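One structure is given below, encoded as structure tokens.
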Amino acid sequence: MKKILITGGAGFIGSHLVHLMVRKYPNYHIYNLDKLTYAGNLENLKDIEKESNYTFIKGDIVDENFINELFAEHNFDGLIHLAAESHVDRSIHSPLEFIYTNIVGTVNLLNAARNTWKEDMGNKRFYHVSTDEVYGSLGETGAFVETTPYDPHSPYSASKASSDHLVRAYHDTYGLNIVISNCSNNYGPYQFPEKLIPLFINNILHNRPLPVYGKGINVRDWLYVEDHVKAIDLIYHQGRKGETYNIGGNNEWKNIDLIHQLIAITDELLQRPKGTSTQLITFVSDRKGHDLRYAIDASKIKNELGWQPSVQFDEGFRTTVKWYLDNEDWLKNVTSGNYQKYYEEMYSNR
Ligand code: NAD
Ligand code: TYD
């Protein structure tokens, strides 16, 4: 039985990946290592927690001794690393946690893999999951390719860029069998309601203002989370050693257009008269260093591995809105605790 370690498996994308791997590969044992920060939630994994090929481990990737002991104990066959501090606004507010988890945590994993795997290093896989935000901001045209120079602007993207460079350095220097993917914005169930889509659904539900940064003209390329985890599965198994793959939805939306679409679907599902929640739109001061546009050229993964998005945006978006409305308890649970404090700090003076 192969032993695969997934880090950050209780978060948004990680929980979808854990589901896929546990169900699709009964001959793999999936170890999910997660610190359970505000963004990690074991409720996301309730339906697979008793599977015999699944084990949850609570722990912090920043804790070097713990990581070394974990690797020594298990001799994993591979690792898919998603654990991260992932929200740009939080990184602007308090960058240090991003440096610890995203950079130091990644180096701890790299060192543990290198030291444990030794001569067998070429056969074991170290897969680092990253973001398109490392490439910086595009103008009106063009798209990021794998060779686009890095130009991160937020503490979040700078910390992810740094970790990407370190992962490549461990390939070039020590021969570690790495792959990296850089994906565009994901949407879908189980995303913490600090990110645009679940935050706005939750606010519409409670008739709270919808804080649109700047003029709402920034553009993001949205991909359904299930499509992302299918790409991760493919890259983990078939991606070439040392390579980077861009993953994207080929689905660009200006924020304000996406928000109008979101309002239309949410109002319809809540059986409110058409356009009711449009009045909640509130333009607030812009995010500092706000990247104007992201877009991914995903032709490499399409040509090499045959991946392309399978979920149409209309369908994925409606499914997503419906999921949050049907799972109000999940929303309530994750927004209890420190959420109120977070929300006030982030939005009270905008
Ligand atoms: P998330 O914030 O929902 O989940 C992150 C998970 O990591 C949480 O379960 C959290 O508890 C865990 N974690 C945080 N710090 C940890 C630590 N020190 N030790 C162990 N676990 C820790 O994030 P997400 O949106 O699921 O993103 C997952 C990965 O994908 C990240 O690396 C992110 O950079 C990348 N990514 C995200 C997107 C997106 O749109 N969400 C797009 C491209 C890439
Ligand atoms: P977000 O979901 O935070 O993802 P990212 O910053 O990683 O792209 O934000 C998506 C877009 O929505 C981004 O352009 C910022 C904008 N935004 C708002 O206008 N208001 C908000 O309250 C949030 C959270 C984001």
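The values are calculated or read from the model by the stated rules, or taken from the named source; none is laboratory data. This one's a predicted model, so the numbers in the text were calculated from it and none came from an experiment. Note: ideal-geometry Cβ built from the backbone for every residue, glycine included; neighbour counts use all protein chains shown. Just so you know, the surface numbers come from the protein's heavy atoms only, side chains and all, with ligands and any DNA or RNA stripped out. Shrake-Rupley method; radii C 1.70, N 1.55, O 1.52, S 1.80 Å.
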Quiz item: Do we find a residue being open to solvent by 40 Å² or more (accessible area, probe 1.4 Å), within 15 Å of ligand 1 (Cβ to nearest atom), among the charged types (D, E, K, R) and within 23 Å of the chain's Cα centre (by Cα) anywhere in the range 81-91?
Solution: yes
Quiz item: Given V179, V229, V219, V225, which one is surrounded by fewer than 22 Cβ atoms within 10 Å (Cβ to Cβ) and aliphatic (A, V, I, L, M)?
Solution: V219
Exercise. Filter the range 151-173 down to residues that are within 16 Å of ligand 2 (Cβ to nearest atom) and surrounded by fewer than 19 Cβ atoms within 10 Å (Cβ to Cβ) and give me whichever is farthest from D297 (Cα to Cα).
Key: H153
Quiz item: out of contact with any helix residue (DSSP H, G or I) (no Cβ under 8 Å at 6 or more places or on another chain) and under 27 Å from G239 (Cβ atoms), is that true of G78?
Solution: no
Exercise. Those residues that are open to solvent by 10 Å² or more (accessible area, probe 1.4 Å) and either outside any helix (DSSP H, G or I) or touching a Cys at 6+ places or on another chain (Cβ under 8 Å) (or both), I need them from the range 32-52; list them, please.
Key: D34, K35, L36, T37, Y38, A39, G40, N41, E49, K50, E51, S52
Quiz prompt | Which numbered condition T147 fails, given (1) open to solvent by less than 30 Å² (accessible area, probe 1.4 Å); (2) free of Cβ contacts under 8 Å to residues at least 12 places away in the same chain | solution = (1)
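Away from ligand 2 (no atom under 16 Å from the Cβ), open to solvent by less than 60 Å² (accessible area, probe 1.4 Å), in contact with a Gly (Cβ under 8 Å, 6 or more places away or on another chain) and of a type in the set (F, W, Y): does that describe F66?
When the stated conditions are applied, F66 passes them.
With the structure loaded, tell me whether L331 is aliphatic (A, V, I, L, M), surrounded by 15 or more Cβ atoms within 10 Å (Cβ to Cβ) and either within 16 Å of ligand 2 (Cβ to nearest atom) or without any contact (Cβ under 8 Å) to a residue 12 or more places away in the chain (or both) or whether it fails that test.
Values: aliphatic (A, V, I, L, M): yes; surrounded by 15 or more Cβ atoms within 10 Å (Cβ to Cβ): yes; either within 16 Å of ligand 2 (Cβ to nearest atom) or without any contact (Cβ under 8 Å) to a residue 12 or more places away in the chain (or both): yes.
Spelling it out, L331 is indeed aliphatic (A, V, I, L, M), surrounded by 15 or more Cβ atoms within 10 Å (Cβ to Cβ) and either within 16 Å of ligand 2 (Cβ to nearest atom) or without any contact (Cβ under 8 Å) to a residue 12 or more places away in the chain (or both).
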Quiz item: Tally time: how many residues in the range 114-130 are of a type in the set (F, W, Y) and at positive phi?
Solution: 0
Quiz item: Which condition does I92 not pass, out of (1) more than 12 Å from ligand 2 (Cβ to nearest atom); (2) part of a helix (DSSP H, G or I); (3) hydrophobic (A, V, I, L, M, F, W, C); (4) at pLDDT 95 or above, if it passes all the others?
Solution: (1)
Practice problem: Find all pairs meeting these conditions: Cβ atoms under 7 angstrom apart; at least six residues apart or on different chains; first residue within the range 289-302 and on the phi > 0 side of the Ramachandran plot; second residue open to solvent by 40 Å² or more (accessible area, probe 1.4 Å). | Solution: G289/H153
